[in-house]
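Following: one structure in structure tokens, then a few remarks.
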Amino acid sequence: MSDAMQETGGNETGTQDFPVPAGVYAEPVLSVKHYTDRLFSFRIARPAAFRFRSGEFVMIGLPNAEKPVFRAYSIASPSWDEELEFYSIKVPDGPLTEHLQKIKPGDTVLLRKKSVGTLVNDALIPGKRLWLFSTGTGIAPFASVIRDPETYDKFEQVILCHTCREVGELTYGHELVEATKSDPLIGEEASVKLMHYATTTRQESSHMGRITDLIQSGKLFTDLDLPPLDPKVDRGMICGSMDFLKDTKRILEEAGLTEGANSNPGEFVVERAFVD
Ligand code: A2P
């Protein structure tokens, strides 16, 4: 630790010389991008032995305490990526994000060795269309899923729906879809199969309203020129706030779709890791 750090009691992320806990990787931050005063993304090196399925989440923390705080984070990069990407909210007094939002390239992030999650292709039975319903940072696991070639092998159409309060909060999704469509591995298929439907609820934009209301009114389907939800062909994944999960699950069930899980694949899946 440098003298300056000793004087101020550590660096900006509060990182000091704490030992890395057992069962945890310590990896360097490679890049950080801030989108709004509430949202940022970052990429870290991928440990050579770390395997995961696109759409899964992992527990991450900072080496700033003897027993660091860990939180569930969806891995936003696909399973083939050499780096791990995360998309995070900044909570002013959040035990982890208050420090995490200050990370810079070269800082260390801790990562538990095991990834899990239900927003994976394996938890869905075959279908034609994959609907990805998200609010806020709930788009993160879908950033992984839409960059996985398996998704385009399994589905004829992939529709990424993202609802946020304000226009600036949609930037991550717009950049993601643009980058996906020009990616050498999946760009050609994504350009044909991937659709993006982004809406705001508290600021004027080209598509407004909660995605739940837009499904129920039918406007989503009219806008995209697609038929209404049909359990024979439509599959869904849901990620966002607790109320959003509940409402969207009910809507999909009313349309006749049945919830699945890793152990029992179904017509849609919900990620509850971040809200329980
Ligand atoms: P709204 O502005 O109408 O509350 P938050 O920032 O609170 O997590 O919300 C992110 C986005 O998710 C907002 O646009 C918010 O709309 C929307 N949202 C919140 N709850 C629901 C819900 N139950 N169903 C659909 N959208 C929701």
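Worth pointing out:
- Global dimensions of the range 121-270 from alpha-carbon coordinates: Rg and Dmax equal 14.3, 42 Å.
- Within the chain, longest stretch clear of exposed GluC sites (Glu not before Pro) (DSSP loop, no more than 15 other Cβ within 10 Å): 83-155
- Pairwise inverse Cα distances across the chain, averaged and inverted, put the Kirkwood hydrodynamic radius at 19.4 Å.
- Mean separation of Cα contacts under 8 Å, 6 or more apart, over the residue count of the chain: relative contact order %: 18 percent
- Estimated FRET transfer efficiency when R0 is 41 angstrom, pair Glu166-Val116 (beta carbons, to 0.05): 0.85
- Sequence-separation-based contact order of the range 121-270, relative, with Cα cut under 8 Å and 6+ spacing, percent: 31 percent
- For the range 57-84 versus the range 139-184, the inter-centroid distance based on Cα atoms is 20 Å.
- Net charge of neighbours whose Cβ lies under 14 Å from the Cβ of His174, counting Lys and Arg as +1 and Asp and Glu as -1: -2
- Cα long-axis angle, helix 242-254 against the chain (0 to 90 degrees, to the nearest 10): 20 degrees
- Length-normalised contact order for the range 24-112 - Cα pairs under 8 Å, 6+ apart - percent: 40 percent
- Of the residues Phe244, Pro63, Phe42, the one whose Cα sits farthest toward the positive end of the charge dipole of the chain, with +1 on the Cβ of Lys and Arg and -1 on the Cβ of Asp and Glu, is Phe244.
Taken together, the values in this text are just the output of simple stated rules run on the coordinates, not laboratory data. Nothing here was measured: the structure is a model prediction, and the numbers come from that model. Quick reminder, even Gly has a Cβ in these numbers, built from the backbone with ideal geometry, and neighbours come from all protein chains shown.
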